[in-house]
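Engineer: Please find one structure pasted underneath; my questions will follow.
The values are calculated or read from the model by the stated rules, or taken from the named source; none is laboratory data. Note that the structure is predicted; figures quoted are calculated from it, not measured. Here the Cβ positions follow ideal geometry from the backbone for every residue, glycine too, while neighbour counts run over all protein chains shown.
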Amino acid sequence: MNILVIGSGGREHAIIWALKKSAKCGKIFASPGNGGTGDLAENVLIPINNPEEIVAFCAENEVGLVVIGPEAPLVNGLVDQLVKANIPTFGPSEKAARLEGSKEFTKQICDKYNLPTAAYEAFTNADKACAYIDKMGAPIVVKADGLAAGKGVVVAQTTDEAKEAARDMLLNNKFGDAGSSIVVEECMFGEEISVFALSDGKDVIYFGSAQDHKAVGEGDTGPNTGGMGTYSPAPIMTDSLQKQIMEETIIPAIKGMKGDGTPYTGVLFAGFMVTDKGPRLLEFNVRFGDPETQVLMARLDSDLLDLLYTAATGNLAGKEVRMKDEAALCVVMAANGYPNDYEKGSQINSLKDAEGLEDVIIFHAGTRKDKQGNIVANGGRVLGVTALGQSVKQAQTTAYKAVETIDWPEGFCRKDIGWRAVS
């Protein structure tokens, strides 16, 4: 089966790497791909805002499955256009993708199906939002309603900070249309966990757990990023917690969407805060996470192509996800200056040496090949240095050994990925 994977990040590289293991896998196309995907797939450039071109490409190249990595084309309805052309596609419809496209919509789903989450109100008026912030007190969370590249959430420690965030979004257009409406919610305390499940619109199966590090600096300090590292499985995850999360949140959400006439197909990525009152939903995402995908795919012991295809075609019943017993940890190497201004074009050396280390996989994100075939930085988050180990600690040690092997003075990483699990 020929496959088209849409996206250019570490998530897509990891998905392609895992798909390539399947005996059913034919040729893989990556659009646009990156400097690493080109070693496993053919990088092609198809405008994702032009469904007609994608449909024509799939027909010409006998593509039997399309896998959409990023959230934006999902929220914009690309799946609907491909399914309309009878092309099996892994991902939710435009209406179902509102679970990520609108924080307020997710909260409404929580209300409707009694999913445990934080108390909240939604606002388009800054004065009303500020009055609510004064009423609730701090700490408090302010979220842009729409897609903001993972940066539209402010955990404010004071009411002044929260009101400034609300005004920045509603009055100063900080996140454009994504912040024209906001959600203000209570701040929950506990330990965060990321949970993944696959759905074909009817059935749902658990895919795995991870814990990530959003802040740019050691000790989870500094501004939020798209993710500076992650590890799997989450040590906090137990069989009873997994059962509770699935039965109280994931399964009711999937059943509710189906009952509403908007069946959810694809992967559902749910962020939870495990509080002293149990797991409470922070957010839904409608795609695999990045860099969570890197550790999930490193641990996956099932045929990914079979799982994604059966989810896309409504035949997930009876399937199961098998994971290796080993832990996996991913350290993100980013360009100096990220998440603020950074330069592109610096050359990255000694990647082959790092990849040659036992239990190490290097997933590319913001990279490209120059005319001489050298790997150069082409984004903010550039590499996902991933390692397996008998424990998170062992995986951490191996991953940082690989990081030290890579010769890239213009890049940096956090030195404490996995600290919760090893401290």
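Engineer: Taking the residues in segment 177-223 that are surrounded by 19 or more Cβ atoms within 10 Å (Cβ to Cβ) and of a type in the set (D, E, K, R) as candidates, determine which candidate is farthest from Pro139 (Cα to Cα).
Structural biologist: Among those residues, the one meeting the criterion is Asp200.
Engineer: Give me the pairs: first residue in segment 393-415 and in contact (Cβ under 8 Å) with a residue 24 or more places away in the chain, second residue basic (Lys, Arg) and assigned to a helix (DSSP H, G or I), beta-carbon distance under 7 Å, and six or more apart or on different chains, which are they?
Structural biologist: none
Engineer: Here is a follow-up. Can you say whether Leu40 is surrounded by fewer than 20 Cβ atoms within 10 Å (Cβ to Cβ), under 22 Å from the mean Cα position of the chain (by Cα) and farther than 22 Å from Met169 by Cβ, as far as the supplied structure shows?
Structural biologist: So Leu40 passes the test.
Engineer: Just name the residue that is nearest to Asn76 (Cα to Cα) out of those in segment 141-167 that are buried (at least 17 other Cβ atoms within 10 Å of the Cβ) and among the β-branched types (Val, Ile, Thr).
Structural biologist: Result: Val153.
Engineer: On to the next question. Listed residues Ile87, Ile3; which is over 30 Å from Gly229 (Cα atoms) and modelled with pLDDT of 95 or more?
Structural biologist: Exactly one of Ile87, Ile3 is over 30 Å from Gly229 (Cα atoms) and modelled with pLDDT of 95 or more, namely Ile87.
Engineer: Among the residues of segment 151-165, are any more than 15 Å from Ala129 (Cα to Cα) and of a type in the set (Lys, Arg)?
Structural biologist: The answer is yes, given that some residue of segment 151-165 is more than 15 Å from Ala129 (Cα to Cα) and of a type in the set (Lys, Arg).
Engineer: If you don't mind, another one. Identify all residues within segment 131-150 that are in contact with an Asp or Glu (Cβ under 7 Å, 6 or more places away or on another chain) and of a type in the set (Val, Ile, Thr); write none if there are none.
Structural biologist: Ile140, Val141, listed by residue number.
Engineer: Further question on the same structure: Could you say whether any residue in segment 25-33 is surrounded by 18 or more Cβ atoms within 10 Å (Cβ to Cβ) and under 27 Å from Ile254 (Cβ atoms)?
Structural biologist: Checked segment 25-33: no residue is surrounded by 18 or more Cβ atoms within 10 Å (Cβ to Cβ) and under 27 Å from Ile254 (Cβ atoms).
Engineer: Next question. Any residue that is closer than 30 Å to Leu329 by Cβ, assigned to a strand (DSSP E or B) and touching an Asp or Glu at 6+ places or on another chain (Cβ under 9 Å) - is there at least one of those in segment 177-187?
Structural biologist: Within segment 177-187, none of the residues are closer than 30 Å to Leu329 by Cβ, assigned to a strand (DSSP E or B) and touching an Asp or Glu at 6+ places or on another chain (Cβ under 9 Å).
Engineer: Next question. Go through (1) in the same structural domain as Leu19 (by TED's automatic domain parsing); (2) crowded, with 17+ Cβ neighbours inside 10 Å; (3) not hydroxyl-bearing (Ser, Thr, Tyr) for Asn86 and report which single condition fails.
Structural biologist: (2)
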